[in-house]
Amino acid sequence: MHRPALSVVIPCYNEAKCLDLLHARVAAAARTAVGDDHEIVLVNDGSRDDSWPVMQSIAAADPRVVAINLSRNHGHQLALTAGLDLCAGAQILIIDADLQDPPELLSDMRATMAREAADVVYAVRRRRQGETIFKKATAAAFYRVLDRVTDTPIPLDTGDFRLMSRRALDAFLSLPEQARFIRGMVAWVGFRQVPFPYDRAERHAGETNYPLGKMIGLAFDAVTGFSTAPLRWASHVGLALTALSLLLVVYIVIGWFSGTTVAGWTSTMLVTVILGAVQMFVLGMIGEYLGRLYIESKRRPLYLVADVAGPVQGTATLGFRSADPDPAPTIEERAATEAQLL
Ligand code: UDP
Ligand code: MG
């Protein structure tokens with residue numbers, strides 16, 4: 001199998017009006033960066049417009065274009081996963097189809113990658129044009145809340161626009177989870193990741209495919225995928241309630257001794273207060289186990305090795321140790337690596 005120097009992976013949903021200009025600009029940027037040794041992977045995510053026929057004609061005219069048509073709309077993150085699974089490049093550029101992320105930045109991103117010896121160069125939005133105040137505000141709030149609750153540091157104001165090395169992509173592809181929040185998963189993979197500030201342009205044509213409902217869905221995937229904090233909150237509340245109920249118990253018992261309470265109040269209050277605290281606490285315990293079960297069920301690799309010095313006898317290095325663009329693993333090899341990881 002031939003491994004091109006660069007793959008550009010582009011998920012597309014109802015982007016027929018963008019595709020021709022997208023192809024022209026991406027192909028020109030790729031040629032400037034690596035010459036002819038590149039591929040452009042277009043993923044049609046069940047578009048309802050003419051995206052697929054347009055992609056087919058682009059692929060017919062340019063042998064460097066691979067277009068795939070998903071069976072239905074699977075959503076941005078899964079469409080992107082399909083493209084990443086398929087691509088073979090030694091470096092991989094992920095970019096949106098609507099030209100909000102300028103493909104011309106590719107050469108600078110590659111230069112940053114080489115200069116910093118980085119495995120991931122992620123584009124950070126300095127400014128966003130042509131987007132509503134509401135979208136910008138909700139996006140800004142989202143990234144900040146996410147940063148607070150997650151255990152993995154996920155860069156702020158960063159979409160999926162990024163350049164990755166093959167080993168970073170292979171490591172990413174070894175995460176088998178179903179609910180995929182790609183920018184978080186890439187952050188989780190580690191290696192050296194450096195920011196690349198840029199100004200986000202307006203959409204070339206069409207309108208956003210991320211209305212509020214989908215953004216909330218993505219936010220949920222992000223928070224639940226990278227944090228079990230919400231589950232833990234029940235145990236914190238349980239502990240606080242237990243402390244509070246101890247005070248209440250003292251108050252209730254004093255009331256009983258002083259004989260100022262109505263008959264039956266003391267026992268009713270005691271039962272209510274103690275049961276409430278115990279229930280919250282038990283819910284929290286269940287949450288802790290559920291959280292651990294959830295983390296286990298994702299079956300992520302336990303660790304990834306970036307580099308090795310000295311001879312290695314065992315199998316612990318999992319094949320991610322080399323930054324060389326060696327042949328892409330076949331599906332069988334990938335399955336074997338995954339089996340090793342488990
Ligand atoms: N997209 C997709 N499937 C979807 C929704 C979006 O493949 O169900 C693609 C879309 O074509 C674009 C990228 O994901 O290339 C980002 O979507 P969009 O530009 O609508 O999001 P925004 O930039 O407004 O957040
Ligand atoms: Mg967009």
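Report the convex hull volume per residue for the chain, counting only C-alpha atoms, in Å³. Each step should come with its number before you reach the end.
Working: hull volume 64.9 nm³, N = 342.
Cα convex hull per residue, to the nearest whole number: 190 Å³.
Between TRP233 and ASP62, the FRET efficiency estimated from the beta carbon spacing at R0 = 51 angstrom works out to 0.45. Note on ARG115/ASP36: beta-carbon distance plugged into 1/(1 + (r/R0)^6) with R0 of 25 Å gives a FRET efficiency of 0.50.
Between LEU247 and GLU288, what FRET efficiency follows from the Cβ-Cβ distance if R0 is 25 Å, with the result rounded to 0.05? The pair LEU247/GLU288 has a calculated efficiency of 0.50. With neighbours defined as other Cβ atoms within 10 Å of a residue's Cβ, the residues GLU202, GLU131, GLU207 order from fewest to most as GLU207, GLU202, GLU131. With 0.36 nm allotted per residue and the present C-alpha distance subtracted, the ARG126-MET1 stretch has 41.1 nm of extension available. Over the chain, dividing the summed -39,500 (n - 2.57) contributions of all DSSP H runs of at least 4 residues by the number of residues returns a 222 nm mean residue ellipticity of -17000 deg cm²/dmol.
Here TYR122, TYR198, TYR251 are placed in order of increasing Cβ neighbour count within 10 Å, fewest first, which gives TYR251, TYR198, TYR122.
Quick check: Cα centre of the stretch 51-101 to Cα centre of the stretch 192-222, how many Å? If we compute the Cα centre of each part, the gap is 17 Å. Start at zero, step by 10 Å, and the Cα-Cα distances of the stretch 79-136 spread as 17, 44, 31, 8 percent across the bins. At q = 0.09 Å⁻¹ the log10 of I(q)/I(0) for the stretch 162-261 amounts to -0.50, computed by Debye summation with a single uniform scatterer per C-alpha, solvent ignored.
Projecting label points 7 angstrom from Cα along Cα→Cβ for ASP151 and LYS136 puts them 3.6 nm apart. Exposure proxy shown here: for HIS76, HIS236, the number of other Cβ atoms within 10 Å sets the order, fewest to most, as HIS236, HIS76. Close amide H pairs (under 5 Å, H built 1.01 Å from N) link ASP96 with ASP101, residues at least 5 positions away or on another chain. The label point for TRP256 and the one for GLU202, both projected 7 Å from the Cα toward the Cβ, are 7.3 nm apart.
Neighbours of THR81 by Cβ distance under 12 Å: Lys/Arg scored +1, Asp/Glu scored -1, total -3.
Quick note: the coordinates plus some simple rules give every number you see, no bench work behind them. Values in this document were obtained by computation on a predicted structure and should not be read as measured data. Neighbour counts run over all protein chains shown; Cβ positions are idealised from the backbone, glycine included.
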